[in-house]
Structure formats: C-alpha cells, structure tokens
1. Just want to confirm a number: the relative contact order over the chain, from Cα pairs under 8 angstrom separated by 6+ residues, in percent.
2. What full-extension length gain, to one decimal in nm, is calculated for residue 42 and residue 28 as 0.36 nm per residue of separation minus the Cα-Cα distance?
3. What residue among 98, 14, 107 shows peak mean-square fluctuation when the chain is described by a Gaussian network model with Cα springs under 10 Å?
4. State the dimensionless ratio Rg/Rh of the chain (Rg: radius of gyration of Cα atoms; Rh: Kirkwood radius).
5. Figure the gain on full extension for residue 20 and residue 96 (residue separation times 0.36 nm, minus the Cα-Cα span) and round it to one decimal in nm.
6. Highest GNM mean-square fluctuation, the chain, Cα pairs closer than 10 Å: which of 37, 24, 114?
7. So if we plug the beta-carbon distance of residue 104 and residue 126 into 1/(1 + (r/R0)^6) with R0 = 25 Å, what FRET efficiency do we get, rounded to 0.05?
8. Quick one: among 86, 45, 96, which has the greatest mean-square fluctuation in a GNM of the chain with alpha-carbon springs under 10 angstrom?
C-alpha cells in the first residue's frame with residue numbers, strides 16, 4: 001500500500017497497487033502548477049481516506065484540456081486525482097511512501113527552461129508521446 005496526502009494533511013489517500021509509470025512534464029503549465037513529475041494510477045487502486053471534499057479542480061483554457069486538482073486549503077498539487085478515467089496521472093510529490101518506480105519519460109522537453117538539466121536516460125518527447 002502507498003500512502004499519499006497534501007501538505008496540510010486535509011487530503012489523504014492510499015494506492016492499493018504501485019503506479020504503472022512515472023514521467024516528468026516540462027510544459028509551462030505543469031511546472032507552474034507544481035506537478036511536473038507525475039505517476040499514472042488506476043482508478044480502482046485509489047482509496048480515499050479523507051478530504052475528497054477539500055480537492056478543487058482548476059479548469060484550463062484552450063489549448064489545454066486536462067483539469068488539475070489541488071488541495072483548496074494548502075494548495076498541494078494532486079494531478080488529476082478526481083478524474084473519471086480508468087487511469088490518470090497524480091502528482092508524485094503527493095505520495096508519502098517510497099516507490100520502486102523510476103522516471104521513464106520526459107515530455108514537452110521543447111518547453112523545458114534552460115536552467116533545468118535532464119540528468120537521467122529516460123526517453124524524451126517534444127510533446128505528448130505517440131501511443132505505441
């Protein structure tokens with residue numbers, strides 16, 4: 001079991017299984033929202049402990065289409081934790097337990113700031129990677 005929470009502790013959840021993938025998005029939107037490193041989880045693996053009512057969704061304007069969730073008390077970024085999809089990304093920074101998984105992808109590397117250096121050998125993509 002993997003524990004997760006926001007900074008103030010109002011939001012708490014568990015993942016019944018490890019995430020399937022970890023990735024880092026370098027687009028300006030993800031960086032500003034504090035959710036650049038994300039993990040992909042299955043909806044069926046997410047168990048709410050408390051605070052689902054404390055989660056607020058920021059709805060984007062085009063060309064962005066994915067809403068981003070955060071704790072409305074402390075502002076901790078939670079990725080797409082309220083998504084209705086079968087699988088969705090949540091912010092890796094919201095996980096309290098250690099993970100065995102490592103970063104496997106950098107996306108939107110063309111939007112990466114010059115001061116950030118990619119220091120791993122994970123695959124890189126100029127945008128969302130094309131499905132295999």
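1. Contact order relative to length: 29 percent.
2. 2.5 nm
3. Among 98, 14, 107, the largest GNM mean-square fluctuation belongs to 98.
4. Using only Cα positions, Rg/Rh for the chain is 0.95.
5. 25.7 nm
6. Of 37, 24, 114, the most mobile in the Gaussian network model is 114.
7. 0.90
8. Taking springs between Cα atoms under 10 Å, the residue moving most is 86.
Quick note: the coordinates plus some simple rules give every number you see, no bench work behind them. Nothing here was measured: the structure is a model prediction, and the numbers come from that model. Heads up, the Cβs are rebuilt from the backbone with ideal geometry, glycines too, and the neighbour counts pull from every protein chain shown.
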